[in-house]
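Only the coordinates and a few stated rules stand behind these numbers; no lab work does. As the structure is a computational prediction, the values presented were derived from the model and not from experiment. Virtual Cβ from ideal backbone geometry, glycine too; neighbours counted across all protein chains shown.
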Amino acid sequence: MQIRLNLASRPYTDHRPLIRQLRAGMVGLAVLLALLALGMLHFHQAALRMEARRERLNAVLERLQQQEQADRASMQLPANARVLTQAEYLNGLFDEKSFSWTETMEDLETTLPAGVEVTAIEPVRDKEGRLTLRLRVTGQRGPVVDLLRAMEQSPRFVHPRIVGENAASGNGPNGLQPVNAPLLVNFDLLAEYSQATLAERKAEIEARKREQEPGASAGPVATGMAATGKPATKQAATKAGARTRPGKALPQRPTARPAATSGARAGSGAQR
């Protein structure tokens, strides 16, 4: 005969499902930790490769800087100083020749609104080769703001801005301005200028020709009709003749004598 005795002070609970969940969570955390370790290893190797590349580039840059310093030192020698001066002078001439005043005026013409007058243009080229235009314009504030907006939309002008302004002198006596005249202001503008390449300039010229083709074709026809005074087709001649009164021809010169003759002819026709 078996007798079961329960000497525990608390009721029995089965912790095996909880232990299984804890084991599954530990396995998941272990997998996540392994993935993180692999990611850290990958980024560490990438950082090492980037560091090695940076060191190589720094070495190349240092070598180029040393070569540049050696070249500058050799150019500063008395035997080469004259050549360096001539080279700088020629480079300045090349920069001046590379700037096209005609193209600049054409680009300004497409952006300049009515009521704004350009009084001064000064091109300035920096050491990197970037070209900056210093403009002085005269006009009212509204049209000048329109000019800035048009320059911003143009691909030739980059970052146009106003750097100064002052009141323009009047056209009256002693430089005074009439009371009823609009207030004119001198504005100093700065804008980086990007000259068009030959292909871009050709494309712009072709686009202008295509825009002018419809107007050019209609112009000679209208001019020819106005010069000759004769319609081009029979239908136009019929329409032109239908506008006159029947039985009377239009004389080339409106004088009194042809009118009387035509009237006499009409009278004789009526008597018949």
Listed by chain and number, the aspartates and glutamates with an alpha carbon less than 18 angstrom from that of K209, same-chain partners under 8 positions apart left out, are E103, E106, D107, E109, E200
Loop-resident chymotrypsin sites (Phe, Trp or Tyr not before Pro) in the range 70-162 with no more than 16 other Cβ atoms inside 10 Å, DSSP not H/G/I/E/B, are F99
If each part is reduced to its alpha-carbon centroid, the range 84-111 and the range 1-60 end up apart, in Å, by 69 Å
Cα extents of the range 25-144 along the principal axes, largest first, in whole Å, come to 81, 57, 20
